[in-house]
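Novice: Below is the structure I would like to discuss, written out as structure tokens.
The values are calculated or read from the model by the stated rules, or taken from the named source; none is laboratory data. Given the structure is predicted, the values throughout are model-derived calculations rather than measurements. In this analysis, Cβ positions are derived from the backbone assuming ideal geometry, glycine residues included, and neighbour counts consider all displayed protein chains. These area figures cover heavy atoms from the full protein model, side chains too; ligands, DNA and RNA do not enter into them. Shrake-Rupley method; radii C 1.70, N 1.55, O 1.52, S 1.80 Å.
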Amino acid sequence: MLKTLNQSLNVLNLFTKEHERWTVREIAGKLDMNHTAVYRILETFVRNRYLIKNQHTKQYEIGPALALFSYLSYDKYNVATLTQPFLNNLMQETGESVYLVKLDHLEATTIDAFEPVNKVSFAVPLNKSMPLYSGASYWAILAYLEEEQIQSVLTSPFDQLRPTTHLNVPTLEKILNETREQGWCVSKEIVTPDIVAIAAPIFSNDVILGSLAIAKPTYRTKEEDINALGQLVKMTANQISAVLSENDLNLTSYRFFKEKALQINQV
């Protein structure tokens, strides 16, 4: 590793939305670097327009050259733009609510939803974490974790389920095995009454990232339709996985790109 280049990148990485402007003294203190070395790095970035310098305050901030790099990479790494058409297509094809769920250690979070207009559905709160025993959206993820992680979930108290839900470890282990065999799973009224959820895992280069799910009221769900819906969710999840793998992406930055698109559309 080139020491000077690494130091320069460390300096550049300090410039964030939360801290847009830095002085030499601040950077030197933050990174425990020599003031002269920091000054030379900053001035090199200024000469190449990666940073600009306020001559009055002696503060540095991001320059136009970095904005160009950001523009060039935005579409390539915009995981929300790449993924949302699949969510919308699945919603249109099934006429049911579609959810994208992201793995967060031993929990998972619903990060996006596409819901049909003029049709009875139900609201799932976005950006709320749930344990991985909490129904199909989470089982589709849990099935593909390391055995140690699976056992950690299985030995936890299933205390966020509906009181009338009778889910135990042997039953969940059987569900996880079936999920691996068929590539999708189904749950009925596990957390929310009168709701059936059907989900399939999403990967990037064989690493489990989350799941894709549809949810529909029990009164609109026929038992003979579940397998076909499961295959459809699985196919769509596989398509998303292929796009993520091809672009070497994960779901970590999904919320950023989604919110950025909303801001642009509101302008």
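Novice: Could you work out the local net charge near Thr81, counting Lys and Arg as +1, Asp and Glu as -1, over the other residues with Cβ closer than 11 Å to its Cβ?
Specialist: Residues close to Thr81 contribute a combined charge of +2.
Novice: Near Ala242, within a Cβ-to-Cβ distance under 15 Å, what is the net charge of the other residues, with Lys and Arg +1 and Asp and Glu -1?
Specialist: -2
Novice: Could you list which residues have their amide H under 5 Å from that of Ile202, counting only those 5 or more apart in sequence or on another chain, with H placed in the peptide plane?
Specialist: Under 5 Å from the amide H of Ile202 lie the amide H atoms of Leu209, Gly210, Ser211, Leu212, each far enough along the sequence or on another chain.
Novice: GNM, the chain, Cα, under 10 Å: largest mean-square fluctuation among Lys216, Lys17, Lys174?
Specialist: Comparing Lys216, Lys17, Lys174 in a Gaussian network model of the chain, the most mobile one is Lys17.
Novice: Quantify, in whole percent, the carbon and sulfur part of the accessible surface of the range 30-155 (1.4 Å probe; protein heavy atoms only).
Specialist: Solvent-exposed carbon and sulfur of the range 30-155 make up 52 percent of the total.
Novice: Then there is this: Can you tell me which of Gln84, Gln239, Gln55 moves the most in a GNM of the chain? Springs connect C-alpha atoms under 10 Å apart.
Specialist: Looking only at Gln84, Gln239, Gln55, the largest GNM fluctuation is found for Gln55.
Novice: So what's the back-of-envelope 222 nm ellipticity for the chain, counting only DSSP H runs of four-plus at -39500 (n - 2.57) apiece and dividing by all residues, rounded to 500?
Specialist: Result for the chain, helices only: -14500 deg cm²/dmol.
Novice: Work through the residues other than Ala37 whose Cβ is under 14 Å from its Cβ and net out their charges, Lys, Arg +1 and Asp, Glu -1.
Specialist: Taking every Cβ under 14 Å from that of Ala37, the sum is +2.
Novice: Which loop trypsin sites (Lys or Arg not before Pro) in the range 71-152, with loop taken from DSSP, have no more than 11 other Cβ atoms within 10 angstrom of their Cβ?
Specialist: Lys128
Novice: Amide H to amide H, which residues 5 or more places from Asp104 or on other chains are under 5 Å from it, using H placed in the peptide plane?
Specialist: Thr109
Novice: Under a 1.4 angstrom probe, counting protein chains only, how are Ile52, Ile141, Ile208 ranked by accessible area, largest first?
Specialist: Ile52, Ile208, Ile141
Novice: Using a 1.4 angstrom probe, figure out how much accessible area the chain has per residue, in square angstrom, rounded to the nearest whole.
Specialist: Accessible surface, normalised per residue, equals 57 Å².
Novice: So what does His35 come to for accessible area, using a 1.4 Å probe and Å² rounded to 10?
Specialist: Estimated to the nearest 10 Å², His35 gives 90 Å².
Novice: Please report, as a whole percent, how much of the solvent-accessible surface of the range 184-267 comes from carbon and sulfur atoms (probe radius 1.4 Å).
Specialist: Looking at the range 184-267 in its full context, I get 52 percent from C and S.
Novice: Need the full-extension length gain, Val117 to Glu224, defined as separation in residues times 0.36 nm minus the C-alpha distance. One decimal, nm.
Specialist: Value of the extension gain: 36.0 nm.
Novice: Please sort 177-183, 107-113 by packing, taking for each peptide the average over its residues of neighbouring beta carbons within 10 angstrom, highest first.
Specialist: 107-113, 177-183
Novice: If DNA, RNA and ligands are ignored and the probe is 1.4 Å, what is the ranking of Leu82, Leu262 by accessible area, most exposed first?
Specialist: Leu262, Leu82
Novice: Let me ask something additional. Top mean-square fluctuation among Thr252, Thr83, Thr236, Gaussian network model of the chain, C-alpha springs under 10 Å?
Specialist: Thr252
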